[in-house]
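Peer 1: Here it is: the structure, laid out below.
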Amino acid sequence: MCYFKINNRRYTGSKFKLLNWIKSTIEDEAKKNDSFCDLFAGTGCVAEKFTDKKKLIINDLLFSNNIIYKAFFDSKNFNKKKIIEISKKYKALNLKKIPSNYFDKNFGGKFFSLNDAKLIGFLRDKIDNENCNNNEKNILLTSLLYSADKSANTVGHYDAFRKKIKIKDKFMFKLIEPIKHTSKIQIFREDANELVKKIKFDICYIDPPYNSRQYSRFYHVLENLVQWKKPKLFGEALKPEPENMSEYCKTKAPEKFQELITNINSNYIVVSYNNTYKSKSSSSKNKITLDQILSTMKKKGRTKIFKKSHNYFNAGKTNFDNHYEYLFITKI
Ligand SMILES: C[S@@+](CC[C@H](N)C(=O)[O-])C[C@H]1O[C@@H](n2cnc3c(N)ncnc32)[C@H](O)[C@@H]1O
């Protein structure tokens, strides 16, 4: 049987391809540190790379990311046989007997084929009504998110769907595989600036958004599917009313960053950064400059910069020449 791994999704700004470099650079600087916090965790792939630590703290503002972390990192109590049986039942569903629902009425023929959207909405309701514990429901819901994302008619996010093509039926329900590890896990869905006032860790890894593209807007379809409040949707991209907007995507970002760094209680702070701020598209321009990061971190402690040339994945038209990925490491 084939399962989804945590990195099997498309996510803007995912550090998946840089994991070995990030891991070895951090380990060289801060080897004997037991707890690792991934404060803006996105896909969670950086946190996964640090499951050799005794304690992992994983945080992100999005509901869809939060459920993914719970399913992959914190599924201690689930019956694998039962989950497999349920997934077989889902695969054998007869489309003709499935009633039209919120999901296909809104997204059918747009972000998904009509049949795929109908199935996704139907399964979402079904998962709520399964006789399962929380761990099992988290696994089923995360499996639905990954399966839906794989069949979406997008370029990797939900700001727009591809027009002028006939959308094929692609959806196939496939299970995720929870990560085997021995770390103690804490998962949060909080504003990073508030969270760091409350907890302490040895290494704090920071990878915030650096431009005006709000993740809650980019991934609104997944947010909608997880929360399942069936809100009224607006515009061509069928987004709900704005929620969960990040201050890091606004002009106040440099102040927020400064406040964050000031309040962190750890031995090391590691910040990921890339130089897309020179890009020609205004939505891709960085809100915080490299100099602002450097001066903020130098105030906190001894700071080193590491740099790597990297071909950035970009779904849009923006052209990133001479793209560099940076890691700032501050010893407090
Ligand atoms: C660049 S992505 C992180 C990518 C991640 N390192 C990975 O490899 O997948 C930035 C993340 O920060 C989250 N975010 C934005 N503002 C936040 C805030 N104030 N507090 C916590 N998370 C936030 C977004 O939802 C997004 O997932």
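Peer 1: Give the value in nm², to one decimal: projected area of the alpha carbon convex hull of region 176-309, averaged over all directions.
Peer 2: 11.3 nm²
Peer 1: Among the trypsin sites (Lys or Arg not before Pro) in region 205-242, which ones are in a DSSP loop with at most 16 other Cβ atoms within 10 Å of the Cβ? Mind listing them?
Peer 2: Passing both the DSSP loop test and the Cβ count: Lys229, Lys232.
Peer 1: Taking amide H positions as placed 1.01 Å from N in the peptide plane, with prolines and chain starts having none, which residues 5 or more places from Phe4, or on another chain, fall under 5 Å of its amide H?
Peer 2: Leu175, Ile176, Glu177
Peer 1: Taking a threshold of 32 Å on the Cα-Cα distance, which of the pairs Lys23/Lys118; Lys198/Lys331; Lys31/Lys137; Lys23/Lys250; Lys110/Lys184 fall above it?
Peer 2: Too far apart for the 32 Å limit: Lys23/Lys118; Lys31/Lys137; Lys110/Lys184.
Peer 1: Please report Asp202, Asp125 as a ranked list, fewest other C-beta atoms within 10 angstrom at the top and most at the bottom. Numbers along the way, then the final one.
Peer 2: Numbers: Asp202 17, Asp125 13.
Fewest to most other Cβ atoms nearby, the residues stand as Asp125, Asp202.
Peer 1: Consider a paramagnetic label point 7 Å from the Cα of Asp34 along Cα→Cβ; state which residues of region 41-64 have an amide N under 19 Å from it.
Peer 2: Within reach of a label on Asp34: 50-58.
Peer 1: Do you know the relative contact order of region 16-331, to the nearest whole percent, from alpha carbon pairs under 8 angstrom that are 6+ apart? Working shown, then result.
Peer 2: Values: 533 pairs, mean separation 61.7, N = 316.
About 20 percent, as a whole number.
Peer 1: Add -39500 (n - 2.57) for each DSSP H run of 4 or more in the chain, then divide by its residues: what number comes out at 222 nm, to the nearest 500 deg cm²/dmol?
Peer 2: -10000 deg cm²/dmol
Peer 1: What residues qualify as long-range amide H neighbours of Phe112, i.e. H under 5 Å apart, gap of 5 or more or another chain, H built at 1.01 Å from N?
Peer 2: When sequence neighbours closer than 5 places are left aside, the close amide H contacts are Asn153.
Peer 1: For a 24 Å ceiling on Cα separation, which of these pairs sit above it: Lys96/Lys239; Lys163/Lys287; Lys5/Lys308; Lys15/Lys256; Lys15/Lys150? Kindly include the intermediate steps, with their values, before the conclusion.
Peer 2: Numbers: Lys96/Lys239 28 Å; Lys163/Lys287 31 Å; Lys5/Lys308 26 Å; Lys15/Lys256 22 Å; Lys15/Lys150 19 Å.
Table pairs above 24 Å Cα-Cα are Lys96/Lys239; Lys163/Lys287; Lys5/Lys308.
Peer 1: In addition: Which three extents, in angstrom, do the Cα atoms of the chain have along their principal axes, listed largest first?
Peer 2: On the principal axes, the chain reaches 64, 45, 31 Å in Cα extent.
Peer 1: Exposed loop GluC sites (Glu not before Pro) only (DSSP loop, at most 16 other Cβ atoms within 10 Å): please give the longest stretch of the chain free of them, not including the sites.
Peer 2: It runs 1-129.
A short reminder: the numbers here are calculations on the coordinates, not readings from a lab. Quick caveat: nothing in here was measured; it's all calculated off a predicted structure. Using ideal geometry, Cβ is built from the backbone for each residue, glycine included, and neighbour counts are taken over all protein chains shown.
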